[in-house]
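Right, one structure below, let's go through it.
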Ligand code: MIC
Ligand code: SF4
């Protein structure tokens, strides 16, 4: 990683450890962000640390995921978040102000700084040269308390961009191309750094689309250089003062290099049910669609939505297609309203939704039974849309707009000349929906509604575990499988006892009940277990049900850290042992504490089948201490007491 931007930012923020790939380091975090679906837990955990004020340079609390308010629960969460923000010195971006990643890019992100966010798409801010990383809420709470953020040093994958995007080809096609090449686990343990002559041809919002969806590669983060285009963007946001030039050294060494010729790309589309199931749009054109949703933190910038509006101007959406647009931020919505593009969308028959995550996280707009939905989003995991039988496809906003007009998947190149939009020199800056920290914090009373329950704390792990394999699942299991979201469940994010009853319900409706009865159990998973969202509920809720360990061939980064934070043992098993183990098998795991202390493999006896196999705890020495302490909150408390 010598000479890379990633190395420079890591070095400048290094608190402990050395910069060799795979080693755990402690990083100083400059900024944090949270959103409402993960934020309530993060702030409850921050409160449990007993500090008066955050110790970061800047922390922002956004409300964007759950804005439906189908009952008092959300409204109470919003009140809690707003009062906690005021109490602890945090900026509060009110519901309606936009999706956290879009607003952060526009208003707060700063090149060369570190950002930790309790949302997996936090790397969006890498589009302007920030080292932005997604994590569980507890890690963000600890960063707000001034503690280091721990991560394994990633390898640096350098992506050299050459050529220039052709007509109708978008930034989303660049990342869909990478997903096709590398798969949803191709970026695990890596950070992606873009360089090359074509970087300058991409605007900051285009770069942010690419870094945003870099999350789907499993990458720790994705970063673009900070150049004159970044400076123009920051100037247009009236924030030029945060600009600093950032580029890799001429002799920079990447662990791996991949070249992408932008000029060779064509419009691409991810088919159900994985973002890496990518084919050229032309290959499946003619497939009828029932729904088109444009928006999300991936592709909802002013430029993209103006292009969509220009394409729809004077036309009507297909009568059998329900078309929605959710602008990424209030700034974008306001500017679309001001320049007439919003009127064009409305006239074309588009359903305009709130500036929020909306359909992306199943908050409304569930497709019809077996319906085909085309979305400019980043994830099409099974059931995430709210309809189990839906077929969700992912593509760029122009591909979505083309289908909105024709009623079928359409290669936009068949539509002739693309619309050219003229972007204004300046964005309309109005931060009135962002409440800054108050100077009278001590007078603020934090409001807890009845649905906000305390965060359960873990117990230190026993030396001997006897547990049944409650569930065996395959490869690439997502946190949407483990802890589903959507309109019914997001209101329960502040209530672990209630939400835990829904763990794995899309896979096995009996899971929660079966897990809770004995009070201990293990899960067996394949490759890349826990990919996707950063939601710590996918660890916290199983821990609440009594899950003690997950045995998997490999783990996704954020989920592995969340398991450790809540005291669940992540154990690596070989492919053969994975195959051999069955659901319902009784396992005996002995000498756990000694093995963890000594950093040794842990032997597991399969009592049902009568054989023994070795597992490797996937833990750094610090993480072993955390598991021994019964989770990160206990570990930090012990550490703070020890420091006194
Ligand atoms: C997602 O896109 O899955 C989410 C919803 O934004 C999650 C966070 C959450 O589950 O609250 C993420 O990406 O981390
Ligand atoms: Fe929101 Fe979807 Fe982005 Fe997650 S991926 S932050 S749900 S818009």
Is it the case that some residue within segment 140-148 is buried (at least 20 other Cβ atoms within 10 Å of the Cβ), in a loop (DSSP other than H, G, I, E, B) and within 18 Å of the chain's Cα centre (by Cα)?
-> no
Look at segment 60-70 and say how many of its residues are away from ligand 2 (no atom under 16 Å from the Cβ) and in contact with a helix residue (DSSP H, G or I) (Cβ under 6 Å, 6 or more places away or on another chain).
-> 1
Report the residue count in segment 521-543 for those that are within 16 Å of ligand 1 (Cβ to nearest atom) and more than 18 Å from residue 120 (Cα to Cα).
-> 2
Taking the options 231, 235, name whichever one is part of a helix (DSSP H, G or I) and crowded, with 17+ Cβ neighbours inside 10 Å.
-> 231
Give the residues of segment 161-184 that are over 20 Å from residue 216 (Cβ atoms) and either crowded, with 21+ Cβ neighbours inside 10 Å or touching a strand residue (DSSP E or B) at 6+ places or on another chain (Cβ under 9 Å) (or both), sorted by residue number.
-> 162, 163, 168
Can you work out which of the residues in segment 268-300 that are buried (at least 24 other Cβ atoms within 10 Å of the Cβ) and assigned to a loop (DSSP other than H, G, I, E, B) is farthest from ligand 1 (Cβ to nearest atom)?
-> 289
Selected residue [more than 26 Å from residue 152 (Cβ to Cβ), in a loop (DSSP other than H, G, I, E, B) and either away from ligand 1 (no atom under 16 Å from the Cβ) or modelled with pLDDT of 95 or more (or both)] from 44, 51, 81, 68 | 51
In this structure, is residue 525 within 22 Å of residue 134 (Cβ to Cβ), in contact (Cβ under 8 Å) with a residue 40 or more places away in the chain, in contact with a helix residue (DSSP H, G or I) (Cβ under 6 Å, 6 or more places away or on another chain) and surrounded by 17 or more Cβ atoms within 10 Å (Cβ to Cβ)?
-> no
Note: among 186, 96, just one is over 30 Å from residue 311 (Cα atoms), assigned to a loop (DSSP other than H, G, I, E, B) and modelled with pLDDT of 95 or more, namely 186
Filter result (at positive phi and surrounded by 15 or more Cβ atoms within 10 Å (Cβ to Cβ)) within segment 396-425 = 407
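Quick grid of which residues meet (1) modelled with pLDDT under 95; (2) under 22 Å from residue 111 (Cα atoms); (3) part of a strand (DSSP E or B); (4) out of contact with any strand residue (DSSP E or B) (no Cβ under 9 Å at 6 or more places or on another chain):
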site	(1), (2), (3), (4)
159	no, yes, yes, no
191	no, yes, yes, no
205	no, yes, no, yes
214	no, yes, no, no
257	no, no, yes, no
Among the residues of segment 12-41, write down those that are in a loop (DSSP other than H, G, I, E, B) and surrounded by 15 or more Cβ atoms within 10 Å (Cβ to Cβ).
-> 17, 28, 29, 30, 35
Hey, any hits in segment 326-338 for a residue that's touching a strand residue (DSSP E or B) at 6+ places or on another chain (Cβ under 6 Å), over 20 Å from residue 399 (Cα atoms), within 13 Å of ligand 2 (Cβ to nearest atom) and at pLDDT 95 or above?
-> yes
A careful count of residues in segment 483-505 that are within 16 Å of residue 531 (Cα to Cα) and away from ligand 2 (no atom under 16 Å from the Cβ) gives 2
Taking segment 544-581 and the residues there that are part of a loop (DSSP other than H, G, I, E, B), surrounded by fewer than 24 Cβ atoms within 10 Å (Cβ to Cβ) and free of Cβ contacts under 8 Å to residues at least 60 places away in the same chain, the one that is farthest from ligand 1 (Cβ to nearest atom) would be 574
Kindly provide the set of residues from segment 599-629 that are in a loop (DSSP other than H, G, I, E, B), surrounded by 17 or more Cβ atoms within 10 Å (Cβ to Cβ) and modelled with pLDDT of 95 or more, ordered by number.
-> 619, 620
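The values are calculated or read from the model by the stated rules, or taken from the named source; none is laboratory data. For clarity, every value in this text was computed on a predicted model and none was experimentally measured. Quick reminder, even Gly has a Cβ in these numbers, built from the backbone with ideal geometry, and neighbours come from all protein chains shown.
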